[in-house]
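Accompanying notes for the structure given below.
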Amino acid sequence: MKTKAISSIFVLFAIAAGMASMAPAAFADHAEVAIGAVEESGFSQACVETGCYTPLVATVDVGGVVTMTNTDPTGVHTFTSGTVDGFTPSPDGTFDTGVLMSGDAFEWSPTEAGTVPYYCMLHTWMVGEIIVQEVAAEEHADDHGDDKGHDDMVHEEVAEDVELMVMISDSQVMGGTQIELEFNVLHLNYDLTATQNGEVVFEEKGLHSMELIATHQIDALGSDENPIDVEVVSLGIGAPGDEDSWTGPVGQVTTAKVVPEFGTIAMMVLAVAIISIVAVTAKSRVVPRF
């Protein structure tokens, strides 16, 4: 059995507000931006939650210059535009640095506005984003003379209209329950709580999902008579640790009652067991008689 809970959808507004809000303040001058690779990011995935490229999300003007440098002294990396689905990369041809040795650099100048995701061809858990914006948009905001520019007000108005979509699915895995959360926005910050019979069986606060899918393991099994209640509470959209710039829905709650189905791993174990029995029977040439 698989359960799903979906809140109302305004996907276009969600993506627009989420992407527009994640440029670090350290890169206020958007004519030039520098991006590096986190040390030991090729040997360890410990950087995934906070970003294996630094900054995780960079902003540059159309016609500006993005300098991509392998600042990791422990390995080689690439900066390749496109996306990754699991371990399957999909380059889009916007730019590709090729393999950069430690200290090597590559420059790219964007010609149109938009969001450009990128990753490392050698280490597919390394992903980042570059937001390319029109120069006139920032200049127009500065002309207002207020503490809050027109562009900021537009972003806030859009953020108020954002409604998050969360899909919750589950399966029985290794004696527990694997919860898969599918979002309609990148870089969602959220709290996740699971209860059974009124007791908390899983609780983590301040989680961050760089991608559209996040998985969590719960050390409990549900049933039709005793389901697991899952609750996801959104905290905002943006880079972790930069709460002041987060946008999107805050406090939106998505819930589901989950009763895990017979999981894929268990099915594989059962299949291997059956194949083993058949193989042993064939080898010993034991033929049942009726």
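The values are calculated or read from the model by the stated rules, or taken from the named source; none is laboratory data. Predicted model, so just to flag it, every value in this text is computed and none were measured. Ligands, DNA and RNA are stripped out before the accessible areas are found, and what is left, the full protein with its side chains, is counted by its heavy atoms. Shrake-Rupley method; radii C 1.70, N 1.55, O 1.52, S 1.80 Å.
For the stretch 164-241, rounded, prolate or oblate, judged on the Cα gyration tensor with a ≥ b ≥ c (square roots of eigenvalues), a/c < 1.5 rounded, else prolate if a/b > b/c? The shape class here is prolate.
Couplings for the stretch 225-239, taken from phi via the Karplus curve 6.51 cos²θ - 1.76 cosθ + 1.60 with θ = phi - 60°, read 7, 9, x, 9, 8, 10, 10, 10, 10, 6, 10, x, 10, x, 5 Hz in order; Gly and Pro are left as x. Going by the alpha-carbon gyration tensor, a ≥ b ≥ c the square roots of its eigenvalues, is the stretch 31-80 rounded (a/c under 1.5) or, if a/c is not under 1.5, prolate (a/b greater than b/c) versus oblate? Verdict is prolate for the stretch 31-80.
Proximity of backbone amide H atoms, modeled 1.01 Å from N, is registered between residue 77 and 100 at under 5 Å, excluding neighbours fewer than 5 places apart on the same chain.
Accessible surface of the stretch 41-111, 1.4 Å probe: 55 percent of it comes from carbon and sulfur atoms.
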